[in-house]
Amino acid sequence: MTECHLLLSADWSTTPAKRRMAIASRRGDGSYLVGAPEAVGPLDTLLPRIEHRAGPGAAILIGLDHPIGVPLAWARQTGVTAFRPLLTQLGQGSGRGSSR
């Protein structure tokens with residue numbers, strides 16, 4: 001099994017300014033040092049920044065807590081009142097979530 005050199009966990013808010021991540025770096029004794037939470041920052045540079053911190057060829061594990069759902073305006077327009085029941089209907093051609 002590959003040992004990760006860097007672990008990243010991010011809270012993926014719908015508002016970019018609220019996206020935060022915590023990074024743990026592997027130390028020489030095999031333990032991890034966890035840094036203070038910090039801003040995720042620009043998405044187009046996130047992976048290069050993380051790779052730079054980990055070092056060339058280092059194994060990285062990234063976990064993201066993404067919000068899921070549908071836009072409120074669309075839900076109101078189509079009569080969706082709860083997200084979980086909608087999941088079973090998506091892609092079934094009921095008009096909700098199907099391609100038109």
Original post:
What are the residue pairs meeting all of these: first residue in the range 49-76, first residue under 13 Å from Ile23 (Cα atoms), second residue in a strand (DSSP E or B) and open to solvent by 70 Å² or more (accessible area, probe 1.4 Å), Cβ atoms under 7 Å, and 6 or more apart or on different chains?
Top reply: Gly63/Ser9
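State all residues of the range 11-32 that are out of contact with any strand residue (DSSP E or B) (no Cβ under 6 Å at 6 or more places or on another chain) and surrounded by fewer than 12 Cβ atoms within 10 Å (Cβ to Cβ); if no residue qualifies, say none.
The answer is Thr14, Thr15, Ala17, Lys18, Gly28, Asp29, Gly30, Ser31.
Among the residues of the range 3-25, what is the count of those that are of a type in the set (S, T, N, Q) and either assigned to a loop (DSSP other than H, G, I, E, B) or touching a residue at least 60 places away in the same chain (Cβ under 8 Å) (or both)?
Final tally of qualifying residues: 3.
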Subject >> Qualifying residues in the range 66-90 (those that are in a loop (DSSP other than H, G, I, E, B) and more than 29 Å from Leu8 (Cα to Cα)) - the one farthest from the chain's Cα centre (by Cα) >> reply: Gly79
**OP:** Pick out the one residue from Gly57, Gly63, Gly95 that is at pLDDT below 95, part of a loop (DSSP other than H, G, I, E, B) and open to solvent by less than 50 Å² (accessible area, probe 1.4 Å).
**Re:** Gly95
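The values are calculated or read from the model by the stated rules, or taken from the named source; none is laboratory data. Just so it is clear, the structure is predicted and the values come from calculations on it, not from any experiment. All Cβ positions, even for glycine, are placed from backbone atoms using ideal geometry, and neighbour counts span all protein chains on display. Only protein heavy atoms, including side chains, enter the accessible area calculation; ligands, DNA and RNA are left aside. Shrake-Rupley method; radii C 1.70, N 1.55, O 1.52, S 1.80 Å.
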